[in-house]
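Structure first, then comments.
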Amino acid sequence: MTKCKCVDSILLVFLLFMFMAVSCSASKRPQEIIVGGDDVVMILDFDNSADSVKKVNWYLKTSEVPDMPDKMIRHLKTVDDHKSVDNHTKILLCSSGGGTLLVDRTTQKCLFYAITPNSHSVEYLPGNRIAVAMSTADTGNRLAIYDADRSDTVLFSDSLYSGHGVTWMARRKLLYALGYDELRAYSLVNWDTPNPGLQLEEKWTLPETGGHDLYASSENQLLITTSKKVWKFDLNNNAFAPFAPLANESAVKSVYYDEKADHLIYTRGEISWWTHNIYSINPTKKITIPEIDVYKVRVIQ
């Protein structure tokens, strides 16, 4: 009798383990990546895309977005940056052609637009606000803040020479911005008022000029691409160091890195600034996208 109970218990534990394994496998969301170029933004199923065979989960042509003013179309022809935001319900993008756009992921309707000359990076902030880094503008190179409920209305701006990167780190409650030769950290001030702003907390000189892109690989580390290489910046020690996994790569434009899984996805300039390829390590693969000129790749987390 005791032996039977023991066997039954072992069987029950085994069945419970199998059920949990199957449930976890079924609930795991396939990794998605966002790429853009020209006037197109695509979300690809990374796991099921390789070489020139792509599984496209979402597709947007900026010139066909409903409820967007006609004046915006010509400003959205060279998509540079693109992010899934607000719990993945919206897609935020900007273009070096001069425009920033927020769309509903389901309906693709326009939720926000702004003319942002030579915009290279964009970020969604608490309170439905948007930060844009621009390399040139009618008022000079700058970092600007907008209210997503009030299209084209600049709430705050600061001079930033050749603004190319911007990322929000929620745990630190800081906005990091990348320029040609410096990295900055800003805190949010008067954020719950109609007139919010940014307070410059600290800035650091880059180890080399030509800042291109900025990515928070963890709460303690930023990855920065410059004209020649990729750098990691330790936020605890305020120290730059070469990013070893891409030490032998040149002209890297954007980087995503999961340190625990040693999973790396990146782009590199192969046609002047642009490329048609997305590269990955662990797993090693190349995804070719011949129909658009890609600058950055973003991963939906």
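The values are calculated or read from the model by the stated rules, or taken from the named source; none is laboratory data. Being a predicted model, the structure only gives us computed values, none of them experimental. Every residue, glycine among them, receives a Cβ derived from its backbone with ideal geometry; neighbour counts consider all protein chains shown.
Structure values in brief
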{"read-out": "Subset of the range 104-120 [more than 19 Å from ALA177 (Cβ to Cβ) and touching a helix residue (DSSP H, G or I) at 6+ places or on another chain (Cβ under 9 Å)]", "value": "GLN108, CYS110, TYR113, ILE115"}
{"read-out": "Qualifying residue in the range 55-76 (condition: farther than 20 Å from ILE287 by Cβ, in contact with a helix residue (DSSP H, G or I) (Cβ under 8 Å, 6 or more places away or on another chain), part of a strand (DSSP E or B) and aliphatic (A, V, I, L, M))", "value": "no"}
{"read-out": "Residues of the range 114-147 satisfying the condition of being over 18 Å from the mean Cα position of the chain (by Cα), at pLDDT 95 or above and surrounded by fewer than 23 Cβ atoms within 10 Å (Cβ to Cβ)", "value": "ILE115, GLY127, ASP147"}
{"read-out": "Matching residues in the range 97-107 - criterion: being in contact (Cβ under 8 Å) with a residue 40 or more places away in the chain and either assigned to a strand (DSSP E or B) or buried (at least 19 other Cβ atoms within 10 Å of the Cβ) (or both)", "value": "THR100, LEU102, VAL103"}
{"read-out": "Unique residue being surrounded by fewer than 18 Cβ atoms within 10 Å (Cβ to Cβ) and farther than 18 Å from SER49 by Cβ when the list is ASN248, ASN282", "value": "ASN248"}
{"read-out": "Unmet criterion (only one of (1) outside any strand (DSSP E or B); (2) surrounded by 15 or more Cβ atoms within 10 Å (Cβ to Cβ)) for PRO194", "value": "(2)"}
{"read-out": "Single match in SER227, SER254 (criterion: modelled with pLDDT under 95 and within 22 Å of THR136 (Cα to Cα))", "value": "SER227"}
{"read-out": "Verdict on GLU291 being among the charged types (D, E, K, R), closer than 17 Å to VAL35 by Cα and outside any strand (DSSP E or B)", "value": "yes"}
{"read-out": "Residue check, ASP86 in the same structural domain as SER227 (by TED's automatic domain parsing), surrounded by fewer than 20 Cβ atoms within 10 Å (Cβ to Cβ) and within 18 Å of ILE300 (Cα to Cα)", "value": "yes"}
{"read-out": "Of all residues making up the range 251-275, the number that are surrounded by fewer than 19 Cβ atoms within 10 Å (Cβ to Cβ) and either part of a loop (DSSP other than H, G, I, E, B) or among the hydrophobic types (A, V, I, L, M, F, W, C) (or both)", "value": "11"}
{"read-out": "Residue in the range 210-228 that is over 30 Å from SER272 (Cβ atoms) and either surrounded by 20 or more Cβ atoms within 10 Å (Cβ to Cβ) or outside the structural domain of VAL103 (by TED's automatic domain parsing) (or both) present", "value": "no"}
{"read-out": "Residue in the range 211-218 that is in contact (Cβ under 8 Å) with a residue 24 or more places away in the chain and assigned to a loop (DSSP other than H, G, I, E, B) present", "value": "yes"}
